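A short reminder: the numbers here are calculations on the coordinates, not readings from a lab. A quick note: this is a predicted structure, and the numbers were derived from the prediction, not measured. Note: ideal-geometry Cβ built from the backbone for every residue, glycine included; neighbour counts use all protein chains shown.
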Amino acid sequence: MDMQTSLLDRLFDTGLLIDTGVEGLYGRSGAFEDVIARFERLIDAYGGADGAEAMRFPPGMSRAHFESSGYMKSFPQLAGTVHSFCGSELDHMSLLQCMEVGDDWTKDQKATDIVLTPAACYPLYPTIAKRGRLPAKGGLYDLQSYCFRHEPSNDPARQQLFRMREYVCMGTEGHVTDFRQSWMDRGLEMMGRLGLDVTMDVANDPFFGRAGRMLANNQRDQNLKFELLIPVTSAAKPTACMSFNYHQDAFGAKWGLHLENGDVAHTACVGFGLERIALALFARHGLDIAVWPADVRKVLGYQD
Ligand code: ATP
Ligand code: ZN
Ligand code: MG
C-alpha cells in the first residue's frame, strides 16, 4: 500500500472524507467543513480590508462563455460538460430499455447550456466585461466555487470536485503584479502561522498535447504562474495549495476588459485550494483537531 492510499484510507476511516466509490469525488464531514470555513475566515482577515467585491457563482457556468474562454484548446482533458435527456416518450422508452440491458444510455444525452466550472474565476470575466470600462481604481473581486476537473486519482489532494477561493485583480500591469506579490507574501505568512511547511515555486498549467508543451514552457519562462507548495501525501513532492497567476493582457483582450482610459486591462488571480489546505493541516497536525497545536487552533479560532 502506498502513502497516498494510506492517507486516503485514514481519512475514510475517521469519516473526514466520505467514499462515494468514485476517485476524487468525496463527501466531507462536519469537522472537515468546519476547518475550511475557519480557513476562509482567515483569508477574510487578510483580504477583507482590500475592498474586493464578493460574488458567488454556482459550480456550473454558461457554455457560451466557456467556449469563448478557449478552455477546450488548452485543457480538453479536464473539462466536464452537463448533458441531459431531451427526447420524446418514445426516446424515453428506449433509454430505459438501454439501461435495463446495461447498454450505454448516455450516448443520446444532449449538451445543455451549462458546463462545470473549471476555475472559480471563469464566470467573472464576461460578467465584468458586460459592465463596460473598469473604474479608475481597477477591479478587485472575491470568488469561491466548487470546480470540476476530470483528473480521477487516489491522491486525496487531487479531487474531481473541489473548492477554490479566489481573488481576481484587473488594472494596469503594475497594479495587478503588486496584487499578486502581496498575496504571495500573505500566503507564506498565513501557512507559516498554521505550522505548515511551505515552499514557493514557479509552475505551469497542464496544457494539452505537443503544442501545449510550448505554452507551458513559455508560462514558466515568463514567471506567469507561481505555486505555494505544502506537503500533503509526500514531503518530497509537496502539493500546490495556492496558485498565483498573471495573465498579462491575454484575458483583458479575450473578454474585452478595458481600463478607464480605454487600454486593455491586465489581470491576475490568486487561488486557494480549500480542500488541499484542510488536507495539509490534517497531514501535518493529525486527524484529530482537538490535539492540534494550541497556536494553530488559536489562529483558526477554535475554543480551548
Ligand atoms: P496541480 O498542478 O496540482 O494540478 P493546478 O496548477 O492545476 O494544480 P490551479 O489550476 O492553479 O491548480 O488551481 C488553483 C488551485 O486549486 C490550486 O493551487 C490547488 O490548490 C487547487 N486545485 C487544483 N486542482 C485541484 C484538484 N484536482 N483537487 C483539489 N484542489 C485542486
Ligand atoms: Zn483564476
Ligand atoms: Mg491541475
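Which loop chymotrypsin sites (Phe, Trp or Tyr not before Pro) in region 1-97, with loop taken from DSSP, have no more than 15 other Cβ atoms within 10 angstrom of their Cβ? Kindly include the intermediate steps, with their values, before the conclusion.
On the way: sites: 12, 26, 32, 39, 46, 66, 71, 85; in loops: 85.
The qualifying sites are 85.
Given R₀ = 45 Å, FRET efficiency for residue 64-residue 294 by Cβ-Cβ distance, to 0.05? Mind dumping the intermediate values first?
Working: r = 51 Å, r/R0 = 1.14.
After rounding to 0.05, the efficiency reads 0.30.
Using a/c under 1.5 as the rounded threshold, could you call the chain rounded, prolate or oblate? The axes a ≥ b ≥ c are square roots of the C-alpha gyration tensor eigenvalues, and prolate needs a/b larger than b/c, oblate otherwise.
Values: a/c = 1.73, a/b = 1.05, b/c = 1.64.
Note, shape of the chain comes out oblate.
Positive end of the dipole of region 76-154, charges at C-beta (+1 Lys, Arg; -1 Asp, Glu), about the Cα centre: which of 98, 119, 81 has its Cα farthest in that direction?
119
Along the charge dipole of the chain, Cβ charges K/R +1 and D/E -1, which of 156, 51, 66 sits furthest on the positive end?
Of the candidates, 51 comes out farthest on the positive side.
Can you list the HN-Hα couplings for region 174-180, worked out from phi with the Karplus curve (6.51, -1.76, 1.60; θ = phi - 60°), rounded to whole Hz and with x for Gly and Pro?
x, 4, 6, 6, 4, 4, 4
What does the charge count around residue 54 come to, taking other residues whose C-beta lies under 10 Å from its C-beta (Lys +1, Arg +1, Asp -1, Glu -1)?
Net of charged neighbours comes to -2.
Treat region 1-110 as a sphere of radius equal to its Kirkwood radius over Cα pairs and apply Stokes-Einstein at 37 °C in a medium of 0.692 mPa s; give the translational diffusion coefficient in µm²/s, rounded to a whole number.
Working: Rh = 19.0 Å.
For the chosen part, D equals 173 µm²/s.
Between residue 193 and residue 53, what length in nm is gained on full extension when 0.36 nm per residue of separation is reduced by their alpha carbon distance? Working shown, then result.
Working: separation 140, 0.36 × 140 = 50.40 nm, distance 2.65 nm.
Extending this stretch completely gives an extra 47.7 nm.
Based on the inverse mean of 1/r over its pairs of different Cα atoms, what is the Kirkwood hydrodynamic radius of region 137-251, in Å? Working shown, then result.
Working: mean 1/r = 0.0637 Å⁻¹.
After inverting the pairwise mean of 1/r, the radius is 15.7 Å.
Per residue, what volume in Å³ does the Cα convex hull of region 176-304 take up? Write down the numbers at each step before the final one.
Working: hull volume 17.7 nm³, N = 129.
In region 176-304, the Cα convex hull volume per residue is 137 Å³.
For the chain, please report how many Lys pairs fall under 29 Å Cα to Cα, leaving out neighbours fewer than 8 apart on the same chain.
Eligible lysine pairs with Cα atoms under 29 Å apart amount to 15.
If you line up the Cα atoms of region 176-222 on their principal axes, what length do they span on each, largest first, in Å?
Taking the Cα atoms of region 176-222, the three principal extents are 41, 24, 14 Å.
With labels modelled as points extended 7 Å from the Cα through the Cβ direction, what inter-label distance (nm, one decimal) is found for residue 103 paired with residue 34?
5.2
Output wanted: per-residue J couplings in Hz (rounded whole) for region 79-89, from phi through Karplus 6.51 cos²θ - 1.76 cosθ + 1.60, θ = phi - 60°, x for Gly and Pro.
Coupling constants for region 79-89: 6, x, 10, 9, 10, 9, 6, 10, x, 8, 4 Hz.
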